[in-house]
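The values are calculated or read from the model by the stated rules, or taken from the named source; none is laboratory data. On a predicted model such as this, the values are computed, not experimentally measured, just so you know. Virtual Cβ from ideal backbone geometry, glycine too; neighbours counted across all protein chains shown. Remember, those area values only see protein heavy atoms, side chains included, never the ligands or the DNA or RNA. Shrake-Rupley method; radii C 1.70, N 1.55, O 1.52, S 1.80 Å.
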Amino acid sequence: MDKILIEGGKPLKGTVSVSGAKNAALPVLAACLLTGGWHRLKRVPQLRDIRTIRRIMTDLGGAFRDDGSGTLEVNSDNLTGYEAPYDLVKTMRASILLLGPLLARCGRAKISLPGGCAIGARPINLHLKALVAMGADIYLEHGYVNAQANRLNGANIFFDIPTVTGTENIMMAAVTARGRTILKNAANEPEVRDLADMLRSMGADIHGDGTDTIVIQGVDSLMPCQHEIIPDRIEAGTFMIGAAITQGNITIDACLPGHLSSLVEKLRQAGAEIDAGGHRMTIRGPDRIQSVDIKTMPYPGFPTDLQAQFMTLMSVADGWSMIRETIFENRFIHVSELRRMGADIEINGGQALVKGKDRLFSAPVMATDLRASASLVLAGLVAEGGRTEVHRIYHLDRGYEAIEEKFRGLGAAIWRESE
């Protein structure tokens, strides 16, 4: 097991490029199960979660050709299975994305229930309810979802709450269903639109992605395609906050600023200067960070995946800030570790009151989930008094590609060591 060590106090300077989005790459890979032939995917990040879904798909009979530079070719001509076992699914909840495409392609699927999640409940009942409405026969047995359907039928689906993976799963199930499927109260995150773009390249008939109503007209067959995955907006946002918290001046290349409008607004309120255009942004951190309130919301609201990082920024701001978390009930579990570094944070249910301090102090800390890991790295970049050690960084490796190398390229004193 590795740990990351950081010596704080160095402003970030220079240029960094953003990797492909993990949360877009996972459903895109799952979609390759919908039809045979070689799919060519560009900008696939080298991440632990990507390796996990590749292992599952390989066990199902999928094949891969990887050139090592982010281009991945995927073939599912010879599917030999329809089961995603617990020993792999337990490490990545997004494995449930295989349910829709397997059911559509094979007429059956057996997926282990994902189990617990550190940041809160992520129920899949909305996925299952939608598939039943489309004619699937589903039952739960021995911790597995068992699903069967000769061919799914189009249906009108209303999601009780917007669900990104639910929207993606049912989109993939619906593209070859008989008739028309309408998804209402659908998620409209950029990752959902990216999947829709890929499915259209495969021959799917999809309209309305990017809104809360998505219409899919089923087609008889699909074809393999070439697709480039969108930049990771959460990685870009993490670097933006890193520039602000260190009083740095960085340029982020290969990003899509429009996907981060809520963060741009909040960072400007905090005093950062941001110039955005095309596929790049320049961020200059303020001399003194101003406290700003945030409330996490579904896209285009403030992303829950940037809440922990923004809380670290507010920990060294002038004044008090209120952070409200409305997506996941346990997404303040990083607070205890930030307190170890001197942060003054009080939690009351789904909100955290942060009193900005002049400084944070280095300490050994332990990552509890993916985005909490990033928040502790950011804290380490400004901590005083020695080295910060971030343990259990396997969480970090699930969603950030070579993050310590990218920060080091911006001038940070950060490196990885074995425990």
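The ratio of the alpha-carbon radius of gyration of the chain to the globular-protein estimate 2.2 N^0.38 Å is 0.98.
Relative to one another, the C-alpha centroids of the stretch 337-394 and the stretch 1-65 are positioned 26 Å apart. Computing the accessible area with a 1.4 Å probe over protein heavy atoms, can you report the carbon and sulfur percentage for the stretch 197-278? It is 43 percent, rounded to a whole number. Phi-derived couplings, Karplus 6.51 cos²θ - 1.76 cosθ + 1.60 at θ = phi - 60°, listed residue by residue for the stretch 139-155: 9, 9, 8, 6, x, 10, 8, 10, 10, 9, 5, 4, 7, 6, 10, x, 7 Hz, with x used for Gly and Pro.
On a full-extension model of 0.36 nm per residue, what is the gain between Gln217 and Thr71, subtracting their alpha-carbon distance, rounded to one decimal in nm? Can you show the working numbers first?
Working: separation 146, 0.36 × 146 = 52.56 nm, distance 3.01 nm.
Answer, rounded to one decimal: 49.6 nm.
Eigenvalues of the alpha-carbon gyration tensor of the stretch 139-194, scaled by 5 and square-rooted, set the equivalent ellipsoid semi-axes at 21, 16, 11 angstrom, largest first.
Computed from the alpha carbon positions, the gyration tensor of the stretch 302-348 leads to an equivalent ellipsoid with semi-axes of 17, 12, 10 Å, biggest first. Placing +1 on the Cβ of every Lys and Arg and -1 on the Cβ of every Asp and Glu, with no other charges, gives the stretch 334-411 a dipole of roughly 80 debye about its Cα centre. Roughly to the nearest percent, how much of the accessible area of the stretch 283-419 is carbon and sulfur, given a 1.4 Å probe? Here it works out to 47 percent.
Per-residue counts of other Cβ atoms within 10 Å, averaged by peptide: what ranking do you get for 194-205, 347-358, highest first?
194-205, 347-358
When both bridge partners sit in the stretch 341-419, DSSP labels roughly 55% of those beta bridges antiparallel.
With a Förster radius of 35 Å applied to the beta-carbon distance between Arg108 and Gln226, the computed FRET efficiency rounds to 0.75.
When only Cα pairs below 8 angstrom with a gap of at least 6 residues are kept, the stretch 163-233 shows a relative contact order of 36 percent. With respect to the chain, whose longest principal axis is taken over its alpha-carbon atoms, helix 233-245 is tilted by about 0°. Dividing the mean sequence gap of close Cα pairs (under 8 Å, 6+ apart) by how many residues the chain holds gives a relative contact order of 22 percent. Taking the square roots of five times each eigenvalue of the Cα gyration tensor of the stretch 263-419, the equivalent ellipsoid has semi-axes of 22, 19, 17 Å, listed largest first. Extension gain for Arg178 to Tyr394 (0.36 nm times residue separation, less C-alpha to C-alpha distance): 73.5 nm.
Restricting the calculation to Cα atoms, the stretch 165-307 shows an Rg/Rh of 1.08 when the hydrodynamic-style radius is the Kirkwood one. In terms of packing, defined here as the mean over residues of other Cβ atoms within 10 angstrom, the peptides 368-375, 83-90 line up highest first as 368-375, 83-90. The residues of the chain have, on average, 38 Å² of accessible surface per residue, using a 1.4 Å probe with all protein chains present. Run the quick spin-label model on Asp2 and Asn78: label points 7 Å from Cα toward the beta carbon, then report their separation in nm to one decimal. The two pseudo-label positions are separated by 3.4 nm. Within the stretch 243-328, antiparallel bridges make up roughly 70 percent of the DSSP beta bridges whose residues both belong there.
Compute the FRET efficiency between Arg387 and Thr15 as 1/(1 + (r/R0)^6), taking r as their Cβ-Cβ distance and R0 = 35 Å, and round to the nearest 0.05. Working shown, then result.
On the way: r = 26 Å, r/R0 = 0.75.
With a Förster radius of 35 Å, E is 0.85.
A crude spin-label estimate for the pair Glu141 and Trp320, with each label 7 Å from Cα along the Cβ direction, gives 5.7 nm.
Annotation: peptides 93-106, 381-394, 285-298, ranked by per-residue average of other Cβ atoms within 10 Å with the highest first, follow the order 93-106, 381-394, 285-298. Once the Cα-Cα distance is subtracted from the 0.36 nm per residue extended length, the Phe158 to Gln46 segment shows a gain of 36.8 nm.
For chymotrypsin sites (Phe, Trp or Tyr not before Pro), no site in the stretch 324-380 is both called loop by DSSP and has at most 15 other Cβ atoms within 10 Å. How big is the antiparallel share of DSSP beta bridges in the chain, given as a percent to the nearest 5? Expressed as a percentage, antiparallel bridges in the chain total about 70. Angle, helix 370-382 long axis vs. longest principal axis of the chain, Cα atoms, 0 to 90°, nearest 10? Long axis of 370-382 versus the principal axis of the chain: about 20 degrees. For the stretch 1-78, with all protein chains in place and a probe radius of 1.4 Å, 40% of the accessible heavy-atom surface sits on carbon or sulfur. Distance between the pseudo-spin-label points of Lys295 and Tyr86 (7 Å out from Cα toward the beta carbon): 4.1 nm. Round to the nearest 0.05 the FRET efficiency obtained for Asp344 and Asp275 when R0 = 35 Å and r is the Cβ-Cβ distance. For R0 = 35 Å, the calculated efficiency reads 0.60.
Applied to the stretch 92-106, the Karplus parametrisation 6.51 cos²θ - 1.76 cosθ + 1.60 on θ = phi - 60° returns per-residue 3J(HN,Hα) values of 7, 5, 5, 4, 4, 5, 7, 4, x, x, 5, 5, 5, 7, 9 Hz, with x for Gly and Pro. Applying the Karplus relation 6.51 cos²θ - 1.76 cosθ + 1.60 with θ = phi - 60° to the stretch 347-355 yields 3J(HN,Hα) values of 10, 9, x, x, 9, 10, 9, 10, 9 Hz, where x marks Gly and Pro.
Average projection, convex hull of the Cα set of the stretch 1-153: 11.9 square nanometres. Rounded to whole Å, the principal axis extents of the Cα atoms in the stretch 123-217 read 36, 26, 20, largest first.
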